[in-house]
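All of the numbers you see were taken from the coordinates with simple rules; none came from a lab. Note that the coordinates shown come from a computational prediction; the quantities given were computed from them, not determined experimentally. Cβ sites come from the backbone with ideal geometry, for glycine too, and all protein chains shown count toward neighbours.
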Amino acid sequence: MSERKLVWLPGKLPRQSKKEKVMTASTIDQDILTRLVGQAVNDMGALLSGTLIVAGDKLGLYRAMRDRGSVSPAELAEATGTAERYIREWLNSQAASGYITYEGNGRYRLTPEQVEMLTNEESPFCVLGGFQVTSAATRALPKLIERFKTGEGLGWHEHDTDLFEGTERFFRPGYMAHLVSSWLPSLNGVLSKLERGIKVADVGCGRGASTIIMAKAFPNSQFVGSDYHDPSIEAARKAAMEAGIGNCTFEVASAKEFAGTFDLVCHFDCLHDLGDPVGAARHVRESLTADGTWMIVEPYANDEVADNLNPVGRVYYSASTFICTPASLSQEVGLALGAQAGESRLRDVVTQAGFTRFQRAAETPFNIVLEARP
């Protein structure tokens, strides 16, 4: 039996007047239109399938498959305390998306690569947090539509609680992979200071993942994580206690209010969310020792919009529309840098605050690491 290839069949354009037909013939390329509709169908599947990944994560379906190997819908349902008919449809959805492998004869499994991506939260390839973030962000759509009309902001705290947990899960694997091994060593003289013992501020620390990672790696240094979001600080304190970390503390404070003098100040993926990033940068400048360092980790972006029109930029621009830009607009000044601000715009913020030295210290496909010094 010959292999069949699935082809997207273009539909016919609606019946039109003679004038409209002339305009259509000159303005619409049927091949381009067909590709766009094909992309739209793919995106519809991605939106629905991505939300079902969150369901599979919360129900423990991927972990159960990892531990059992090949399973039938009935076996997976029994192992997870769920209903077989829902599980069967979920498995087929995930198999159609390529996230689960269908073996035939009604049985399914996870490949080693799928296991890594969908169950190993220590891996930089884990995508669970990202899907939790996107699912949570879309729940704000009714509020966001209203903000489009009024121009008002939508605060971080106004989002679904899954956004806070998902953001930590999304960023933590990357921080574990790069923060201690490459980002901190890329800063001039900072690594040796951390090993000897210095005081570090982690501003906008959220649930404390970055703070705890650094505190574990450098027991001679003291770390203070701060964030304006009370529930996140409570979660950070709990995480530090459970990890037995004694050289970090957490406080509720905004980016312009954290107190103390520090040898190193860090902003991880949060400077662009601030309403007044220039004011926050000035506060960093005032809080640093004379030879102190400010490390700014931001989403990877080029300076020109055209250079960000790629899969990573698509995710970041979309997340920025839902989360980052509204968050900034909800605060004082509301500069709204956006998640794709780019190095040049960030340099302007830093130099306006009085910093005289600025460089790109490191980068990954998802982040740029910037170093600023007085």
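Across every pair of non-identical alpha carbons in the chain, the mean reciprocal distance, once inverted, gives a Kirkwood radius of 23.1 Å. Taking only the C-alpha atoms of the range 105-172, Rg followed by Dmax gives 16.3, 55 Å. Using Cα springs under 10 Å in a Gaussian network model of the chain, which residue among Arg360, Arg172, Arg107 shows the largest mean-square fluctuation? Of Arg360, Arg172, Arg107, the Gaussian network model singles out Arg107 as fluctuating most.
Here is the P(r) of the range 236-284: all C-alpha pair distances, binned every 5 Å from 0, give 4, 17, 24, 21, 18, 10, 5, 0 in whole percents.
Which GluC sites (Glu not before Pro) does the range 282-374 hold that lie in a coil by DSSP with at most 15 other beta carbons within 10 Å?
Answer in residue order: Glu304, Glu332.
For the range 178-219, the mean projected area of the C-alpha convex hull, equal to one quarter of the hull surface, is 3.0 nm².
Per-peptide packing, taken as the mean over residues of other Cβ atoms within 10 Å, places 147-154, 265-272, 46-53 in the sequence 265-272, 46-53, 147-154 from highest down. Placing +1 on the Cβ of every Lys and Arg and -1 on the Cβ of every Asp and Glu, with no other charges, gives the range 115-220 a dipole of roughly 340 debye about its Cα centre. Applying 1/(1 + (r/R0)^6) with R0 = 30 Å to the Cβ-Cβ distance of Thr27 and Arg314, what FRET efficiency is obtained, to the nearest 0.05? Given R0 = 30 Å and the Cβ-Cβ separation, E is 0.70. Per residue, the convex hull spanned by the alpha carbons of the range 115-249 comes to 124 Å³. Lysine pair count for the chain with Cα-Cα distance under 22 Å and sequence separation of 8 or more or different chains is 7. One equal scatterer on each Cα of the range 271-329, no solvent, Debye formula: the resulting log10 I(q)/I(0) at q = 0.19, 0.27, 0.29 Å⁻¹ is -0.81, -1.11, -1.18.
Relative to the Cα centre, the charge distribution of the chain, modelled as +1 at Lys and Arg Cβ and -1 at Asp and Glu Cβ, gives a dipole magnitude of about 960 debye. What the Cα convex hull of the range 278-371 gives, in volume per residue, is 92 Å³. Report, by chain and number, residues whose modeled amide H sits under 5 Å from the one on Glu363, excluding near sequence neighbours (fewer than 5 apart, same chain). Result for Glu363 returns Val369. Taking other residues whose beta carbon is less than 10 angstrom from the beta carbon of His283, and scoring Lys, Arg as +1 and Asp, Glu as -1, yields 0. About its Cα centre, the range 220-306 has a charge dipole of approximately 260 debye under the convention of +1 per Lys or Arg Cβ and -1 per Asp or Glu Cβ, with nothing else charged. Peptides 93-105, 312-324 ranked from most to least packed, by the mean per-residue count of other Cβ atoms within 10 Å: 312-324, 93-105.
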